[in-house]
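Below is one structure, written out as structure tokens; comments come after it.
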Amino acid sequence: MALTEENPGYKWVGTRPIRPDGLEKVTGKAQFGADLALPGMLYGRIVRSPHAHARIVSIDTSAAESMPGVKAVVTGSDFPDLAANGAHPSAIDVSHNAIARDKVLYDGHVVAAVAAVTREQAAAAANAIEVAYEVLPHVLTVDEAMAENAPLLHEGMITKGVEPTPEQPSNVASRLTHERGDLEQGFGEADVVVEQEFTTKPVHQGYIEPHAAVADANSDGRANIWCSSQGHFQMRADTASVLGVSQGTLKVTAAEIGGGFGGKTVIYLEPIAVRLSQRAGRPVKLVMDRDEVFRATGPTSGTRMKVKMGVSNDGKLTAAEVWMAFEAGAYAGSPVGAAGMTVLAAYDIPHFLVEGYDVVCNKPRVAAYRAPGAPQAAFAVESVLDELARGIDMDPIDLRLANAAVEGTQAAYGPKFPRIGFVETLEAIKEHPNYTTELGPNQGRGVAAGFWFNAGMSSSATVHVNENGTATVVTGSPDIGGSRQSMALMAAEELGIPYESIKPVVADTETVGFTDVTGGSRVTLATGAAVVDACRIVIEDLRARAAKTWDVELDQVEWVDGQAQHVEGSQPPLSLNDLAAKSARTGGPISANASLNARGVGAAFSTQVCDVEVDPETGVTQVVRYLTAQDAGRAISPDYVEGQMQGGVVQGIGWGLNEEYVYDQNGNMENPSFLDYRMPVASDLPMIECCVVEVPNPAHPYGVRGVGEVGIVPPMAALGNAIKDATGVRMTELPMSPIKVLEALNEQSD
Amino acid sequence: MAKVYFSAGLREFTGGVSQVQVQASNVRRLVAALDDMFPGIGERLSEGSSVAIDGEILTDADFESVPEDAEVHFLDILQGG
């Protein structure tokens, strides 16, 4: 189902052709990070900390170095001390997260690595490395980390954003606030006030493909890296920083990627693989297993949040007060900043205060995960909104419609919104039959909404016209969500040639201009705009060549349906094929580059409704019906847009009902496998129904907004609200697992 | 002149001032003018902020024009997934 404001009559944009990467993936030919093999390649193995917090007293690698097949061993001392070099604190954190120096800060933190001829030899040598630790007390949650006299992870961490500046260090990296109006006045105008406290656990992006990297270092100081990442230019920059070398010495090629969701915007294996390769003089492959992925790569934050909101009897929100503390893991940088900006962004609230804290603790450093920070924040606020709607006996969608941000609304994070489609997503849900379908026994219905900024940033593209009139579209955006198809569709639309005549390619860091990561839902917007720009340069060139051929002025030539036409029809048209075949006679090969820092970012909104059935005997929540409506701006590739919407919802369902990092009292993760870390599988779920709302972004040539993230923002609250509707119990802790639901039901009956 | 609004987090640089009016043709000159008014804020804005001009959020937009009556907000740089 799609709701479209206008029908622009596109020939290719908005169609559902066969995906360009489909054949290679279904036949097993696609080369993922772990698939590459080079002559003489060694296998690497990482040695990881078994402690949540400990000082490294000594590392003895002598036994490992003398073992059969071992060609290289590295520890933190093999990497430059960026702090001594005056590097930016964030670069130091990246380096120390890649391999520990004096202290380990979480279970799984890298302390050493080996490379050997076989995997077995590498594993045996890793086991032979002796690390002496002085175990230190640890903190695992924001409550423990913020407690008075808590053990400190970083003895120099002084909280930013607090006046006056604290004199003593703490585990709180920073504090942020957003405020407007007068809270006392706002709550005074409310007829109903609801105040609740929420907690969420760290959850992992759960990409199926573990991290993998192959490095091949040359004796001249240069190195090639093949890795699974969302941004090989970012990998190049961060790897160069950790190694203390120029970016120009590294060439990074993006492998096919088996999921990322934000978690593959971070380096882990790359600098270690390069250093091992340099030491060994041979290529080195490093591949994580699932245990390593869970223990040592970034999940998103666990949180504690308090939300107080007021509403008048006519449904107008009068005030909101939000306090939130986000786990950053071992180093500063949780997404609490984005959480603070998004938490109230969907609504027009006259009086509010948002206060947030970025808190370090002895868990893996958090990494981005779809709309970082927004899902946790929405779980809290959208749950309270549900209580407010109940408090004034108002339909939950009507409450949201009465307060929804529209064009011109001053967003809680500052600027006024341009044209947005939040209201349209609310109306789409309200008008859908799912919203009024009769519920069965023990079933309940929940609604929630979400907001995400989307991003622009830098992208580059090159378009080559081949001799036969086909075209190659080259970008630097690793394809994690169908971007190759979107690029091909937009190029086909621009050039006027069939989609099948376009070959989209993701090039390495030496073959295409700089491109920021595939993240922030930015690629179809920003890289797409670069592709469109490059195509338009090509078209101008083609018009000029046709004018030259016909010996007419340029303004006598127009480009229509993939061919040059004389405006007065006095010349037979010249197709792209005709012009390409004779390109040497008209100036040489036809090719164009475009690079840009994208403008015109269009915000995304999603509204979702789900029906659940709660088993009162077991506490198991079964999702029986789920509908998501999302403003895509324009769905260039509807198949992929729906896939992004469905994927976000499914991940949100896992986050809401099952997923969590479980730690023992020593700070060791107890469930680092897919057997014990329960993500939803197809048989757990109903079909996720999609309603693609299209309110075109006026600032993009095809109206694109970006669709990859906002879909994961509402599900946890939608589920909690449905459970409330089914049982009368308000769940305030994630995950809403059977045991917790059962406990809540039992407390209710007591 | 453009109206520049400071988030609560930036007001530590402005002594609590939440809004000023500044004449500047582009973002870089705007930041320089703000740094003259509130020493130290320039580095903070240059390193750790996006800018929203009349609602459009931009990153690394030093030479973006600032219209005569523009509404300008500086925002924390965001990380997407």
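If you check A:378, A:367, A:328, A:339, which single one turns out to be without any contact (Cβ under 8 Å) to a residue 60 or more places away in the chain and not assigned by TED's automatic domain parsing to the domain that holds residue A:431?
Details: A:378 fails: without any contact (Cβ under 8 Å) to a residue 60 or more places away in the chain; A:367 fails: without any contact (Cβ under 8 Å) to a residue 60 or more places away in the chain; A:328 fails: without any contact (Cβ under 8 Å) to a residue 60 or more places away in the chain.
Exactly one residue qualifies, and that residue is A:339.
State whether the residues of the stretch A:416-431 include one that is more than 30 Å from residue A:89 (Cα to Cα), of a type in the set (Lys, Arg) and within 14 Å of chain B (Cβ to nearest Cβ). Before you say what the answer is, go through the steps one by one.
Our first condition is that a residue be more than 30 Å from residue A:89 (Cα to Cα); within the stretch A:416-431, this holds for A:416-431.
Restricting the remaining residues to those that are of a type in the set (Lys, Arg) gives A:416, A:419, A:430.
Subset that is within 14 Å of chain B (Cβ to nearest Cβ): A:416, A:419.
Among the residues of the stretch A:416-431, at least one is more than 30 Å from residue A:89 (Cα to Cα), of a type in the set (Lys, Arg) and within 14 Å of chain B (Cβ to nearest Cβ), which makes the answer yes.
Return a yes/no flag: does the stretch B:58-66 have any residue that is without any contact (Cβ under 8 Å) to a residue 24 or more places away in the chain, assigned to a loop (DSSP other than H, G, I, E, B) and either surrounded by 20 or more Cβ atoms within 10 Å (Cβ to Cβ) or within 12 Å of another protein chain (Cβ to nearest Cβ) (or both). Yes.
Say we look at the stretch A:338-365 and pick out the residues that are facing chain B (nearest Cβ under 10 Å) and either in contact with a Ser or Thr (Cβ under 6 Å, 6 or more places away or on another chain) or part of a strand (DSSP E or B) (or both); which of these is farthest from residue A:295 (Cα to Cα)?
First, pick out the residues of the stretch A:338-365 that are facing chain B (nearest Cβ under 10 Å): A:338, A:340-342, A:353-356.
Those left that are additionally either in contact with a Ser or Thr (Cβ under 6 Å, 6 or more places away or on another chain) or part of a strand (DSSP E or B) (or both): A:353-356.
Numbers: A:353: 35, A:354: 32, A:355: 30, A:356: 26 Å.
The extreme case among them is A:353.
The sole residue among A:423, A:505, A:463 that is among the β-branched types (Val, Ile, Thr), surrounded by fewer than 24 Cβ atoms within 10 Å (Cβ to Cβ) and under 25 Å from residue A:579 (Cβ atoms) is A:505.
For the stretch A:549-570, the tally of residues that are at pLDDT 95 or above, of a type outside the set (A, V, I, L, M) and more than 30 Å from residue A:700 (Cβ to Cβ) stands at 6. For the stretch A:131-162, give me each residue that is buried (at least 20 other Cβ atoms within 10 Å of the Cβ) and β-branched (Val, Ile, Thr). A:131, A:139, A:141, A:142 - these are the residues of the stretch A:131-162 that are buried (at least 20 other Cβ atoms within 10 Å of the Cβ) and β-branched (Val, Ile, Thr).
Find the strands (runs of 3 or more DSSP E) located wholly in the stretch A:462-568 whose residues include 2 or more that are away from chain B (no Cβ under 14 Å) and under 30 Å from residue A:207 (Cα atoms), and list them. Can you show your working first?
Values: elements: A:471-475, A:502-506, A:557-560, A:563-566.
In the stretch A:462-568, A:471-475, A:502-506 are the strands (runs of 3 or more DSSP E) which contain 2 or more residues that are away from chain B (no Cβ under 14 Å) and under 30 Å from residue A:207 (Cα atoms).
Considering every residue within the stretch A:179-187, establish whether at least one is part of a loop (DSSP other than H, G, I, E, B) and over 22 Å from residue A:271 (Cα atoms). Scanning the stretch A:179-187, I find at least one residue that is part of a loop (DSSP other than H, G, I, E, B) and over 22 Å from residue A:271 (Cα atoms), so the answer is yes. Suppose the filter is on the phi < 0 side of the Ramachandran plot, surrounded by fewer than 18 Cβ atoms within 10 Å (Cβ to Cβ) and in the same structural domain as residue A:428 (by TED's automatic domain parsing); does residue A:713 pass it? It is false that residue A:713 is on the phi < 0 side of the Ramachandran plot, surrounded by fewer than 18 Cβ atoms within 10 Å (Cβ to Cβ) and in the same structural domain as residue A:428 (by TED's automatic domain parsing). Taking the criterion of being in contact (Cβ under 8 Å) with a residue 12 or more places away in the chain and part of a helix (DSSP H, G or I), the residues of the stretch A:95-126 that qualify are A:95, A:96, A:97, A:98, A:119, A:121, A:122, A:123, A:124, A:125, A:126.
Here residue A:85 clears all of (1) surrounded by fewer than 18 Cβ atoms within 10 Å (Cβ to Cβ); (2) closer than 26 Å to residue A:362 by Cα; (3) of a type in the set (S, T, N, Q) except the condition numbered (2).
Do we find a residue being surrounded by fewer than 20 Cβ atoms within 10 Å (Cβ to Cβ), assigned to a loop (DSSP other than H, G, I, E, B) and within 13 Å of another protein chain (Cβ to nearest Cβ) anywhere in the stretch B:42-54? Yes: one or more hits.
Could you count how many residues in the stretch A:319-330 are surrounded by fewer than 24 Cβ atoms within 10 Å (Cβ to Cβ) and in contact with a helix residue (DSSP H, G or I) (Cβ under 9 Å, 6 or more places away or on another chain)? Full working, then the answer.
Here is the first cut: in the stretch A:319-330, the ones surrounded by fewer than 24 Cβ atoms within 10 Å (Cβ to Cβ) are A:321, A:323.
When the remaining residues are screened for being in contact with a helix residue (DSSP H, G or I) (Cβ under 9 Å, 6 or more places away or on another chain), the result is A:321.
Summing the residues that are surrounded by fewer than 24 Cβ atoms within 10 Å (Cβ to Cβ) and in contact with a helix residue (DSSP H, G or I) (Cβ under 9 Å, 6 or more places away or on another chain) in the stretch A:319-330 gives 1.
On the stretch given as the stretch A:168-181, residues that are within 14 Å of another protein chain (Cβ to nearest Cβ) and either loosely packed, with under 14 Cβ neighbours inside 10 Å or basic (Lys, Arg) (or both) total 2. Any residue that is without any contact (Cβ under 8 Å) to a residue 60 or more places away in the chain, outside any loop (DSSP other than H, G, I, E, B) and within 14 Å of chain B (Cβ to nearest Cβ) - is there at least one of those in the stretch A:292-304? Within the stretch A:292-304 (the criterion being without any contact (Cβ under 8 Å) to a residue 60 or more places away in the chain, outside any loop (DSSP other than H, G, I, E, B) and within 14 Å of chain B (Cβ to nearest Cβ)), the answer is no, since none of the residues qualifies. A single entry from A:429, A:392 fulfils the requirement of being over 24 Å from the mean Cα position of the chain (by Cα), surrounded by fewer than 22 Cβ atoms within 10 Å (Cβ to Cβ) and not hydroxyl-bearing (Ser, Thr, Tyr): A:392. When A:385, A:401 are checked against the criterion of being surrounded by fewer than 24 Cβ atoms within 10 Å (Cβ to Cβ) and more than 10 Å from every other protein chain (Cβ to nearest Cβ), A:401 stands alone in meeting it. Being surrounded by fewer than 19 Cβ atoms within 10 Å (Cβ to Cβ) and either within 10 Å of chain B (Cβ to nearest Cβ) or hydrophobic (A, V, I, L, M, F, W, C) (or both) is true of residue A:439.
Looking across the stretch A:51-81, the residues that are more than 11 Å from residue A:114 (Cβ to Cβ) and either β-branched (Val, Ile, Thr) or buried (at least 22 other Cβ atoms within 10 Å of the Cβ) (or both) come down to A:51, A:52, A:53, A:54, A:56, A:57, A:59.
All conditions but one from (1) within 13 Å of chain A (Cβ to nearest Cβ); (2) touching a helix residue (DSSP H, G or I) at 6+ places or on another chain (Cβ under 7 Å) apply to residue B:32; the one that does not is (1).
In the stretch A:692-726, what residues are in a helix (DSSP H, G or I), within 14 Å of chain B (Cβ to nearest Cβ) and among the small types (Gly, Ala, Ser)? First the steps, then the outcome.
The first filter runs over the stretch A:692-726 and keeps only residues in a helix (DSSP H, G or I), leaving A:710-712, A:715-726.
From what is left, the residues that are within 14 Å of chain B (Cβ to nearest Cβ) are A:710-712.
A:711, the sole residue that qualifies.
The strands (runs of 3 or more DSSP E) falling completely within the stretch A:33-86 that include 3 or more residues that are over 19 Å from residue A:214 (Cα atoms) and not hydroxyl-bearing (Ser, Thr, Tyr) map to A:54-60.
Take the conditions (1) buried (at least 17 other Cβ atoms within 10 Å of the Cβ); (2) modelled with pLDDT under 95; residue A:165 misses just one of them, which is (1).
The values are calculated or read from the model by the stated rules, or taken from the named source; none is laboratory data. Everything numeric here is computed off the predicted structure, so don't read it as measured data. Glycine gets a Cβ as well: all are built from the backbone with ideal geometry, and neighbour counts include every protein chain shown.
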